[in-house]
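Q: Below is the structure I would like to discuss, written out as structure tokens.
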Amino acid sequence: MTVIATICPFCGVGCGMGLHVRQGRVIGVEPIPGHPVSQGQLCSKGWNVPFAIEPEGRLTRPLIREKGGFREAEWDEAIRYIADTLKALREDSGAERLGLISCARATNEDNYAAQKFARAVLGTHNVDHCARICHSPSVAGLQATLGSGAMTNSMADVEATELIVVWGADATENHAVFGGRILRAWQQGAGLIVVDPRRTRLASVADLHLQPRIGTTIALANGLLHLIFANGWEDRAFLAARVDNVDVVRAAVAEWTPAHTEAVTGVPAAQLLEAARRYAQADTAFLCYGMGVTQFSSGTNNVIALANLVLACGQVGRPGTGINPLRGQNNVQGACDMGCLPNVYPGYQAVSDAAVRDKFAAAWGISQPTAPGLTSLGMTKAAEAGDFRALIICGEDPVVTDPDQNHVGRALRRLDLLVVLELTLTETAKLADVVLPVASFAEKDGTFTNCERRVQLVRQAVPAPGECRADWQIFVALAQALGASGFDWPDAASIYAEMAALSPIFSGISHTRLQHHGLQWPVDAAHPEGALVLHRERFPLAASGRARMLPVHQSDLAEPPDAEFPLCLTTQRLSCQYGCGSMTRRAPLLEREVPGGLLFMHPDDAAHYGLPDGAPVGVRSRRGYLETRVQISDVVPAGVVSLPYHFREAPSNQLTCRAEDPVTHMPELKACAVRVEPLSRPPRPIQLIPLGERLREAR
Ligand SMILES: Nc1nc2c(c(=O)[nH]1)N[C@H]1C(S)=C(S)[C@@H](COP(=O)(O)OP(=O)(O)OC[C@H]3O[C@@H](n4cnc5c(=O)[nH]c(N)nc54)[C@H](O)[C@@H]3O)O[C@H]1N2
Ligand SMILES: Nc1nc2c(c(=O)[nH]1)N[C@H]1C(S)=C(S)[C@@H](COP(=O)(O)OP(=O)(O)OC[C@H]3O[C@@H](n4cnc5c(=O)[nH]c(N)nc54)[C@H](O)[C@@H]3O)O[C@H]1N2
Ligand code: SF4
Ligand SMILES: [Mo]
């Protein structure tokens, strides 16, 4: 048996793992003892990696849709078919009706190749990925206030801080190994404040659990800021030296008195005072946050509200402090870094900047459109309207994971060409015209970038099953079939080198420099060894190097409960499952943990509806309907029900709404109105996409 050191392919913690390989198969895993992030730990998902990627049940040959089903095809035929169709569609209706969804689970090299294919070969900035419905408000909100959208500090900082604040994140479930580090830090004396409408595991041990009403982040942050200014607890020296626009924000939070804040958020005034005092007066306070902040139609303003709080107290730019978005997917930081976003090239270089466009045009030998492209949900919306023709989706399952499932299904069915690059036949792949089999993380070289900006090497441990190829190799073949040059990379390292040469913040990174547990960007002349802490002396926002506070105002949920739909539905994750479940649900031990689909409901609500634990129910929103079973739980507050989003038989996105953040188009995944209907028979699983069904509607 050999052991190959690599990185876990699930969440953004980026734990180091050794893959046990025998006879060309991954037969087990082990944690890596000296790894700086995971310190010899893995969570249950990491331990179950071999099941997630085992060759049985994987796609191994290209599939082309034929007569209501799929037939196997040779690579040459599949590539030719896609290339010819893309060419015809572009000639017919222009590059702006073609697009690409990239994959935050794949490597940086895959993602660089994907966006280069979209921009340099298709000729469009219509490239996006799941960050859109995840931390895009962090990218926008932190960019606007601090000048950079990434986690400012490192995960190890929780062990060197006086106070940890976890705001709208369920870290023991979703960043499990990091959640464990938070618990250890708390046991060793760090303070812990949790802000969450649900009583998460961390909330149940925290010194202080603020339990706001769903969707009241701005009110709460403004209320805390009001108390900080009112008591003179702000860091005046820091504000004078490093922050603009303070007085405007001070005036804007004047109305958020404790009484007003309590009335809106439901958090008692005494708790507000204690939280404000402890956060402002701690020498070091580490604030991290997640989807409970971003997944709202006010997502960007929510992030800005937290940034104001952090800046006011000078809790940034030093070890043990910071504003730290817990990036979700193993390589979502990397997919953003690589420019898989409609408005930036690799390294966050703006599409709107003519000098940047000229640089990439010269490097890639093709001029680029001047306007940013469509977002992922923008492409779906255009498709439903019949205004979009071809979409290449690498490793995402929007039929399960995007909001308003019935809308997604209608949109994808209207495309002239849907190509899906996947490990298995997901619900989305079932709708494709061509499905291409890809190599998993264990079958290719490359890099992942974790949530603390650490670029780490992923190493091929086994050959890919059947005819699977790495995503980047598929883009090479497609580019060549379309007559493009500049895609003749011999290996993943040379892709990284091309990217680094074009992106100042990664200019000091190469595969050879990453051997020892990677580097945290920026890695450039000013930071030759990378940066554990951002913004030590200046913020990369303006020439002055100063940050900017911005006033933000509380807004209502897009769809508050009413007489017809009296409950607020929120969506959550479970420690034992991941995303659409296409990988974790292949692991028998994980699948055994929780039955597929559960509706968490407070005991008072269950009593009101006369529902015993495990009772079958229908759940209905204005957009859809599903059936599942009730799990009575006082983790959720009364009036709120919660569904995990991993289960295709009871998919929460049947119900969710598409109300959007005006800045980033983030949908309001954390709140919509539903009603619960008791059933007198067992729940019926949702029939998603029956294989072969693909009614192409007349254009
Ligand atoms: N096991 C597992 N781990 C995962 C994933 C997975 O699918 N499974 N997915 C990965 C991905 S892609 C991501 S993005 C991360 C997400 O990780 P988290 O950010 O932790 O995501 P969620 O559990 O969706 O939401 C976090 C919390 O927000 C709370 N919340 C809801 N509304 C509000 C509100 O108005 N205010 C506040 N303060 N809180 C609110 C919810 O109660 C919930 O506890 O997890 C990653 N890790
Ligand atoms: N209701 C509700 N919906 C949500 C959320 C929520 O909190 N509530 N959270 C949202 C968030 S934060 C996110 S990030 C999205 C995630 O949504 P998705 O990105 O759709 O979720 P994943 O399960 O990660 O799907 C990734 C797919 O990539 C495939 N894959 C893995 N490795 C590779 C590879 O190397 N190459 C290729 N081509 N494919 C690969 C896997 O097989 C898997 O099917 O869901 C969002 N949807
Ligand atoms: S915490 Fe995240 S990266 Fe670590 S083993 Fe679990 S899923 Fe993998
Ligand atoms: Mo995410």
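The values are calculated or read from the model by the stated rules, or taken from the named source; none is laboratory data. The model shown is predicted, which means the values in this text are computed figures rather than measured ones. Counting neighbours? That spans all protein chains shown, and the Cβs are built from the backbone with ideal geometry, glycine included.
Q: Of the residues that make up the stretch 604-616, is at least one within 14 Å of ligand 1 (Cβ to nearest atom) and assigned to a loop (DSSP other than H, G, I, E, B)? Write out each step before concluding.
A: Initially, the stretch 604-616 is screened for residues within 14 Å of ligand 1 (Cβ to nearest atom), giving none.
No, the conditions are met nowhere in the stretch 604-616.
Q: Taking T124 and the conditions (1) within 16 Å of ligand 4 (Cβ to nearest atom); (2) surrounded by fewer than 24 Cβ atoms within 10 Å (Cβ to Cβ); (3) among the β-branched types (V, I, T), which numbered condition does it fall short on, given that it satisfies the others?
A: It fails just one condition, (1).
Q: So which residues in the stretch 93-109 are part of a helix (DSSP H, G or I) and either within 17 Å of the chain's Cα centre (by Cα) or farther than 23 Å from S510 by Cβ (or both)?
A: Kept after step one, since they are part of a helix (DSSP H, G or I), are these residues of the stretch 93-109: 93, 95-97, 108-109.
S93, A95, E96, R97, N108, listed by residue number.
Let's see how each residue does on (1) on the phi < 0 side of the Ramachandran plot; (2) of a type in the set (K, R); (3) under 23 Å from the mean Cα position of the chain (by Cα):
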residue: E54; (1), (2), (3): yes, no, no
residue: R61; (1), (2), (3): yes, yes, no
residue: A73; (1), (2), (3): yes, no, no
residue: T85; (1), (2), (3): yes, no, no
residue: E91; (1), (2), (3): yes, no, no
residue: K116; (1), (2), (3): yes, yes, yes
residue: P137; (1), (2), (3): yes, no, yes
residue: A144; (1), (2), (3): yes, no, yes
residue: G149; (1), (2), (3): yes, no, yes
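Q: Let me ask another. Anything in the stretch 320-351 that is under 14 Å from H125 (Cα atoms), within 16 Å of ligand 2 (Cβ to nearest atom) and in contact with a Pro (Cβ under 6 Å, 6 or more places away or on another chain)? List them, or say none.
A: Residues of the stretch 320-351 under 14 Å from H125 (Cα atoms): 336, 338-346, 348-351.
Those left that are additionally within 16 Å of ligand 2 (Cβ to nearest atom): 336, 338, 340-341.
Scanning the stretch 320-351 gives a single hit, M338.
Q: Continuing with this model, one more query. For the stretch 646-678, enumerate the residues that are surrounded by 24 or more Cβ atoms within 10 Å (Cβ to Cβ) and within 10 Å of ligand 2 (Cβ to nearest atom).
A: Once the filter is applied, which keeps residues that are surrounded by 24 or more Cβ atoms within 10 Å (Cβ to Cβ) and within 10 Å of ligand 2 (Cβ to nearest atom), the stretch 646-678 yields H646, P651, S652, N653, L655, T656, M666, P667, L669, K670, C672.
Q: Look through D402, D353, D397 and report the one residue that is over 30 Å from T161 (Cβ atoms), modelled with pLDDT of 95 or more and surrounded by fewer than 18 Cβ atoms within 10 Å (Cβ to Cβ). Steps first, please.
A: Numbers: D402 fails: surrounded by fewer than 18 Cβ atoms within 10 Å (Cβ to Cβ); D397 fails: surrounded by fewer than 18 Cβ atoms within 10 Å (Cβ to Cβ).
Answer to the selection: D353.
Q: When you scan the stretch 441-476, how many residues do you find that are in a loop (DSSP other than H, G, I, E, B), within 16 Å of ligand 1 (Cβ to nearest atom) and either among the hydroxyl-bearing types (S, T, Y) or more than 23 Å from the chain's Cα centre (by Cα) (or both)?
A: 0
Q: Is there any pair with a first residue in the stretch 129-140 that is under 17 Å from T217 (Cβ atoms) and touching a residue at least 60 places away in the same chain (Cβ under 8 Å) and a second that is outside any helix (DSSP H, G or I) and within 7 Å of ligand 2 (Cβ to nearest atom) whose Cβ atoms are under 6 Å apart and which are 6 or more apart or on different chains, and what are they?
A: From residues that are under 17 Å from T217 (Cβ atoms) and touching a residue at least 60 places away in the same chain (Cβ under 8 Å), the pairs are C134/G328.
Q: From the set of residues in the stretch 342-380 that are in a helix (DSSP H, G or I), under 20 Å from the mean Cα position of the chain (by Cα) and of a type outside the set (S, T, Y), which is farthest from P540 (Cα to Cα)? If you could, list the steps in order and put the result at the bottom.
A: Quick first cut of the stretch 342-380, residues in a helix (DSSP H, G or I) only: 346-348, 354-364, 376-380.
Filter once more, keeping what is under 20 Å from the mean Cα position of the chain (by Cα): 346-348, 376-380.
Still in the running and of a type outside the set (S, T, Y): 346-347, 377-379.
Values: P346: 17, G347: 13, L377: 30, G378: 30, M379: 31 Å.
Restricting to residues being in a helix (DSSP H, G or I), under 20 Å from the mean Cα position of the chain (by Cα) and of a type outside the set (S, T, Y), the top hit is M379.
Q: Let me ask you something else. Tell me yes or no: at least one residue of the stretch 133-150 is hydrophobic (A, V, I, L, M, F, W, C), over 19 Å from V310 (Cβ atoms), surrounded by fewer than 24 Cβ atoms within 10 Å (Cβ to Cβ) and more than 16 Å from ligand 2 (Cβ to nearest atom). Don't jump to the end; show me each part of the working.
A: Within the stretch 133-150, the subset hydrophobic (A, V, I, L, M, F, W, C) is 133-134, 139-140, 142, 144, 146, 150.
Remaining after also requiring over 19 Å from V310 (Cβ atoms): 133-134.
Then keep just the ones that are surrounded by fewer than 24 Cβ atoms within 10 Å (Cβ to Cβ); that gives none.
Checked the stretch 133-150: no residue is hydrophobic (A, V, I, L, M, F, W, C), over 19 Å from V310 (Cβ atoms), surrounded by fewer than 24 Cβ atoms within 10 Å (Cβ to Cβ) and more than 16 Å from ligand 2 (Cβ to nearest atom).
Q: Could you pull out the residue among G579, G518, G530 that is touching a helix residue (DSSP H, G or I) at 6+ places or on another chain (Cβ under 9 Å) and either at positive phi or of a type in the set (S, T, Y) (or both)? Before the answer, list the steps.
A: On the way: G518 fails: touching a helix residue (DSSP H, G or I) at 6+ places or on another chain (Cβ under 9 Å); G530 fails: touching a helix residue (DSSP H, G or I) at 6+ places or on another chain (Cβ under 9 Å).
From the options G579, G518, G530, the qualifying one is G579.
Q: Cβ-Cβ distance below 6 Å, separation of 6 or more or different chains: which pairs start in the stretch 162-180 with a residue that is among the polar types (S, T, N, Q) and end on one that is in a loop (DSSP other than H, G, I, E, B)?
A: N174/R573
Q: Now for a separate question. Does A83 meet the test of being at pLDDT 95 or above and either crowded, with 24+ Cβ neighbours inside 10 Å or within 15 Å of ligand 1 (Cβ to nearest atom) (or both)?
A: no
Q: Taking the stretch 560-585 as the region of interest, how many residues are over 28 Å from D604 (Cβ atoms) and either more than 16 Å from ligand 3 (Cβ to nearest atom) or modelled with pLDDT under 95 (or both)?
A: Pass one, the stretch 560-585, residues over 28 Å from D604 (Cβ atoms): 578-585.
Right, trim to either more than 16 Å from ligand 3 (Cβ to nearest atom) or modelled with pLDDT under 95 (or both) and you get none.
Of the residues in that region, 0 qualify.
Q: Under the condition of being basic (K, R) and part of a loop (DSSP other than H, G, I, E, B), which residue from the stretch 164-199 is farthest from T294 (Cα to Cα)?
A: Within the stretch 164-199, the first condition is being basic (K, R), and the residues that meet it are 181, 184, 198-199.
Narrowing further to those that are part of a loop (DSSP other than H, G, I, E, B): 198-199.
Numbers: R198: 16, R199: 19 Å.
Among them, the one singled out is R199.
Q: Which pairs turn up if I take residues in the stretch 563-591 that are within 23 Å of G618 (Cα to Cα) and within 16 Å of ligand 4 (Cβ to nearest atom) and look for partners that are part of a loop (DSSP other than H, G, I, E, B) and not aliphatic (A, V, I, L, M) with beta carbon separation below 6 Å, at least 6 apart in sequence or on another chain?
A: Close Cβ pairs satisfying both conditions: T570/K670; T571/Y645; Q577/H646; C580/D397; G581/H646.
Q: Could you check the stretch 186-199 and list, in sequence order, the residues that are surrounded by 16 or more Cβ atoms within 10 Å (Cβ to Cβ), over 16 Å from Q271 (Cβ atoms) and in contact (Cβ under 8 Å) with a residue 24 or more places away in the chain?
A: First, pick out the residues of the stretch 186-199 that are surrounded by 16 or more Cβ atoms within 10 Å (Cβ to Cβ): 186, 190-199.
Remaining after also requiring over 16 Å from Q271 (Cβ atoms): 186, 190, 198.
The answer is A190, R198.
Q: Out of all the residues in the stretch 652-684, which are within 16 Å of ligand 4 (Cβ to nearest atom) and not in a helix (DSSP H, G or I)? Talk me through it step by step, then tell me what you get.
A: Applying the first criterion (within 16 Å of ligand 4 (Cβ to nearest atom)) to the stretch 652-684 yields 652-653, 656, 661, 664-670.
T656, D661, T664, H665, M666, P667, E668, L669, K670, listed by residue number.
Q: Among the residues of the stretch 58-79, what is the count of those that are modelled with pLDDT of 95 or more, over 22 Å from C11 (Cα atoms) and either in a loop (DSSP other than H, G, I, E, B) or within 13 Å of ligand 3 (Cβ to nearest atom) (or both)?
A: So the answer is 6.
Q: Please work out if D433 is acidic (D, E) and surrounded by 19 or more Cβ atoms within 10 Å (Cβ to Cβ).
A: Against the criterion (acidic (D, E) and surrounded by 19 or more Cβ atoms within 10 Å (Cβ to Cβ)), D433 qualifies.
Q: Let me ask another. Within the stretch 65-88, is there a residue that is within 16 Å of ligand 2 (Cβ to nearest atom) and closer than 30 Å to A156 by Cβ?
A: If we filter the stretch 65-88 for residues that are within 16 Å of ligand 2 (Cβ to nearest atom), which is where we start, we get 75, 78-79, 82.
Next, from what is left, pick out any that are closer than 30 Å to A156 by Cβ: none.
No, the conditions are met nowhere in the stretch 65-88.
Q: Pick from the stretch 441-465 the residues that are under 18 Å from H175 (Cβ atoms) and of a type in the set (A, V, I, L, M, F, W, C): which of them is surrounded by the most Cβ atoms within 10 Å (Cβ to Cβ)?
A: First pass over the stretch 441-465, keeping only residues under 18 Å from H175 (Cβ atoms): 448-454, 456.
Next, from what is left, pick out any that are of a type in the set (A, V, I, L, M, F, W, C): 448, 451.
Details: F448: 29, C451: 27.
Step by step, filter the stretch 441-465, then rank; the result is F448.
Q: How about the stretch 91-127: which of its residues are within 16 Å of ligand 1 (Cβ to nearest atom) and more than 23 Å from G292 (Cβ to Cβ)? Break it down stepwise before answering.
A: We begin by selecting, within the stretch 91-127, every residue within 16 Å of ligand 1 (Cβ to nearest atom); these are 101-106, 111.
Result: I101, S102, C103, A106, N111.
Q: Within the bounds of the stretch 406-422, is there any residue that is outside any helix (DSSP H, G or I), within 19 Å of G579 (Cβ to Cβ), away from ligand 1 (no atom under 16 Å from the Cβ) and not acidic (D, E)?
A: Just the residues of the stretch 406-422 that are outside any helix (DSSP H, G or I), to begin with: 414-422.
With within 19 Å of G579 (Cβ to Cβ) added as a condition, the list becomes 420-422.
Next, from what is left, pick out any that are away from ligand 1 (no atom under 16 Å from the Cβ): 420-422.
Right, trim to not acidic (D, E) and you get 420-421.
Checked against the condition, which is being outside any helix (DSSP H, G or I), within 19 Å of G579 (Cβ to Cβ), away from ligand 1 (no atom under 16 Å from the Cβ) and not acidic (D, E), the stretch 406-422 yields at least one hit.
Q: Which of the numbered conditions does G40 fail, given that it passes all the others? Conditions: (1) among the small types (G, A, S); (2) under 19 Å from F441 (Cα atoms); (3) free of Cβ contacts under 8 Å to residues at least 40 places away in the same chain.
A: With (1) among the small types (G, A, S); (2) under 19 Å from F441 (Cα atoms); (3) free of Cβ contacts under 8 Å to residues at least 40 places away in the same chain applied to G40, the lone miss is (2).
Q: For the stretch 18-37, enumerate the residues that are crowded, with 18+ Cβ neighbours inside 10 Å and within 10 Å of V49 (Cα to Cα).
A: Within the stretch 18-37, L19, V26, V29 meet the criteria.
Q: Moving on. Taking only pairs six or more apart or across chains, which ones have beta-carbon atoms under 7 Å, a first residue in the stretch 317-332 that is in a loop (DSSP other than H, G, I, E, B), and a second residue that is among the basic types (K, R) and more than 9 Å from ligand 4 (Cβ to nearest atom)?
A: From residues that are in a loop (DSSP other than H, G, I, E, B), the pairs are G317/R536; N330/R105; N331/R105.
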